Amino acid sequence: MPKRIALFPGTFDPFTVGHESLVRRGLTLVDELVIAIGVNEAKQSYFPVEKRLQMIRDLYQPEPRVRVESYDTLTVDFAREVGASFILRGIRSVADFEYEKTIAHMNQTLSGIETILLFTEPTHVHISSSIVRELLRYGRDVSQFLPERMKI
């Protein structure tokens, strides 16, 4: 049976530069990767949820082993729904690591699904979706923070 991993961006958004390296590294661990995009309307974004989802799907469309799915349930429920063997979380800092370690323990206790924590590459540590959203809100050029294939 093929192994599947559910990638929950955590503190690193698939909308920003560097996420592709997490996906590439995640694919070395499993046969298929499902990128889970939360669609909670309370979380403000510059783009509507459907547009954002489509942009991320377009970014990963060339890779047949990657799916992009929306979810509005608990992380562990979504991971079970897609048949994930593991949950993968991307992190940017040591402070993020401590928080994510706690969440990983809780997820394993609730579901039995192990969490893999991957640090982003050092060149991308300073980039977060909240920074990009704030710059977009003020009409600033954010192209340097977006993946090559997602320039707007």
*Residue list for region 1-38, restricted to those being in a loop (DSSP other than H, G, I, E, B), of a type outside the set (Asp, Glu), modelled with pLDDT of 75 or more and exposed (fewer than 14 other Cβ atoms within 10 Å of the Cβ)*: Lys3, Thr28
_Conditions (1) part of a loop (DSSP other than H, G, I, E, B); (2) farther than 24 Å from Ile103 by Cα: number failed by Gly83_ = (2)
*asked:* Please count how many residues of region 106-123 are closer than 19 Å to Gly83 by Cα and over 15 Å from the mean Cα position of the chain (by Cα).
replied: 9
_Filter region 42-71 down to the residues that are aliphatic (A, V, I, L, M) and surrounded by fewer than 16 Cβ atoms within 10 Å (Cβ to Cβ) and list them by number._
Ala42
*Residues (in a loop (DSSP other than H, G, I, E, B) and farther than 30 Å from Val142 by Cβ) located in region 86-127*: Gly112, Ile113
*Matching option when the condition is surrounded by 16 or more Cβ atoms within 10 Å (Cβ to Cβ) and either modelled with pLDDT of 75 or more or more than 17 Å from Val23 (Cβ to Cβ) (or both), among Leu74, Leu135, Leu117*: Leu117
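The values are calculated or read from the model by the stated rules, or taken from the named source; none is laboratory data. Worth saying up front: this structure is predicted, and the values here are computed from it rather than measured. Cβ: placed from backbone, ideal geometry, glycine included. Neighbour counts: every protein chain shown.
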